[in-house]
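*Asks:* Structure in structure tokens, see below.
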Amino acid sequence: MKTRYIAIIIGVSIPAILFGLFALVIAINVSNMLENSERWMVKLEPHLDLSDDQLESQLRNEPLKRLTLYRVETLENYYESLEPNWIRQAKETFGTENRFVVYVDERHEYSKQQIREIFTNIDGIKESRYLHDWLLNRD
């Protein structure tokens, strides 16, 4: 009877520990990815109606030179991750339609102007700017 309880405890503990380690590794990788990324705002042509997943898939098939693409999300979803007061102000000031936030690895040798050109040379992208410069209305 005692060995049965030990077997059950071990049988439950090992998968729980492995799952916990797996979740921890994923959380650390996501955290590092977001910490080591530059955020760029891209605006699509008005006739394009793409989701963030569709745009990410398209960008992964484009020649981005040596830029490493981490992820793409809608500008509206990006606003939702900010503090509530900032969200309201940003949504009122900046339009979100056809705008996306593109996360790229910050360890690259390109200037902001070169990255802007890389993105705007892709069919369907009308405008691209470094997100924080765009939010602060700087060039």
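*Asks:* Working with all protein chains in place, sort 111, 128 by solvent-accessible area computed with a 1.4 Å probe, largest first.
*Replies:* 111, 128
*Asks:* For residue 81, what accessible area in Å² do you get when you roll a 1.4 Å probe over the heavy atoms of the protein chains, rounding to the nearest 10?
*Replies:* Roll a 1.4 Å probe over it and residue 81 shows about 80 Å².
*Asks:* What accessible surface, in Å², does a 1.4 Å probe find on residue 133, ignoring ligands, DNA and RNA and rounding to the nearest 10?
*Replies:* Counting only protein heavy atoms, the figure is 20 Å².
The values are calculated or read from the model by the stated rules, or taken from the named source; none is laboratory data. Being a predicted model, the structure only gives us computed values, none of them experimental. Surface areas here come from the heavy atoms of the whole protein model, side chains and all, with no ligands, DNA or RNA. Shrake-Rupley method; radii C 1.70, N 1.55, O 1.52, S 1.80 Å.
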